[in-house]
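Heads up, the thing below is written out as structure tokens.
Read-outs throughout are calculated quantities, based only on the coordinates presented, and are distinct from any laboratory measurement. This is a predicted model, so every value here is computed, not measured. Note: ideal-geometry Cβ built from the backbone for every residue, glycine included; neighbour counts use all protein chains shown.
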Amino acid sequence: MSEEGVRIESISAEEVSAEEVSTQKAASREEFLEQVKREAAQAAAELIEAAGLEAGDLFVIGCSSSEIVGERIGHGSSLEAAQAAYDGIWAELDTRGIELAAQCCEHLNRAIILEKESAKKRGYEIVNVVPQPKAGGSFATTAYERMRCPVAVEEIRADAGMDIGDTLIGMHLKRVAVPVRLSLNKIGHANLVCARTRAKYIGGERAHYKK
């Protein structure tokens, strides 16, 4: 074989190799996103059961897509990862009639995106902002795009919540918040912390309480 023929064959082999690597990476990414969706769905289902949530209850989610994909919070936003987590969680909430509230990032003062109907029936004051991946976060952006009539409010009192990636959702939970341990403690690479809420116990030593 001529020198030119050897060179062409070598280039062709390199192109095939690069294509195989690209295909493998794409497949790996899809597998990871499916894993995120499964984990998010499982976590939501377990928390719903542990918290005893009912139709009409409010479920807040703070989610760092950066942390899900293994980056530092605020430094690697991924719409794909946020969408996978949203799809998994929403599937569990929607079938039970539980209402979703998505927390924005610090740039929007951790405002909340939820359905207009949900905000109005609770008397929440609606504010004007549209989340973006770099100002609000990919999860809140996804929620805004997927909801029927999304609005933003500055604060809520949710019945339970999931914190994916150390986003700090406590400011949006009803008193009294109670930590909930699930069978998993991560979604993707992100830490997962969950909470339910309970009514305050009032009275003294003679008071009686519901279980």
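Which ordering of Cys105, Cys149, Cys194 is given by a fewest-first count of other beta-carbon atoms within 10 Å?
So the ranking, lowest neighbour count to highest, is Cys149, Cys194, Cys105.
Considering the chain as a Gaussian network with a 10 Å cut-off on Cα pairs, which listed residue, Asp57, Asp94, Asp159, attains the greatest mean-square fluctuation?
Highest fluctuation among the options: Asp94.
How much length, in nm to one decimal, is gained on full extension between Tyr201 and Glu145, taken as 0.36 nm per residue of separation minus their Cα-Cα distance?
The Tyr201-Glu145 span can extend by a further 16.2 nm.
Work out, step by step, the length gained on full extension between Glu34 and Arg72: first 0.36 nm times the residue separation, then minus their alpha carbon distance; give nm to one decimal.
Full extension from Glu34 to Arg72 adds 11.5 nm.
Taking chymotrypsin sites (Phe, Trp or Tyr not before Pro) as candidate sites, keep only those in a DSSP loop with at most 10 other Cβ atoms within 10 Å, then name the longest stretch of the chain containing none of them.
1-200
Per 10 Å bin, what is the whole-percent P(r) computed from every C-alpha pair distance within region 3-197?
10, 35, 31, 10, 6, 5, 3, 0
Within 10 Å of each residue's Cβ, count the other Cβ atoms and sort Glu67, Glu80, Glu155 from fewest upward.
Glu155, Glu80, Glu67
Using 0.36 nm per residue of separation minus the Cα-Cα distance, give me the extension gain between Asp166 and Asp94 in nm, one decimal.
Full extension of this stretch gives 23.4 nm more.
Only Cα pairs within less than 10 Å get springs; with that Gaussian network setup on the chain, which residue of Ala158, Ala26, Ala140 has the largest fluctuation?
Ala26
Pick out which of Lys120, Lys186, Lys174 has the largest mean-square fluctuation in a Gaussian network model of the chain, springs linking Cα atoms closer than 10 Å.
Answer for the Gaussian network model of the chain: Lys120.
Which FRET efficiency value, to the nearest 0.05, do you get for Arg175 and Lys120 by plugging their Cβ-Cβ distance into 1/(1 + (r/R0)^6) with R0 = 25 Å?
Rounded to the nearest 0.05, the efficiency is 0.60.
For each of Ser78, Ser138, Ser64, count neighbouring Cβ atoms within 10 Å of the residue's Cβ, then give the residues from fewest to most.
Taking fewest neighbouring Cβ atoms as first place, the list is Ser78, Ser138, Ser64.
Please work out, to two decimal places, the log10 of the ratio I(q)/I(0) at q = 0.11, 0.12, 0.16 Å⁻¹ from a Debye calculation in which every Cα of region 99-196 carries one identical scatterer.
Taking Cα atoms of region 99-196 as identical point scatterers yields -0.31, -0.37, -0.66.
Only Lys, Arg, Asp and Glu count, each charged at its Cβ (+1, +1, -1, -1), so figure out the dipole size of the chain about its Cα centre, rounded to 20 debye.
Dipole of the chain, to the nearest 20 debye: 1840 debye.
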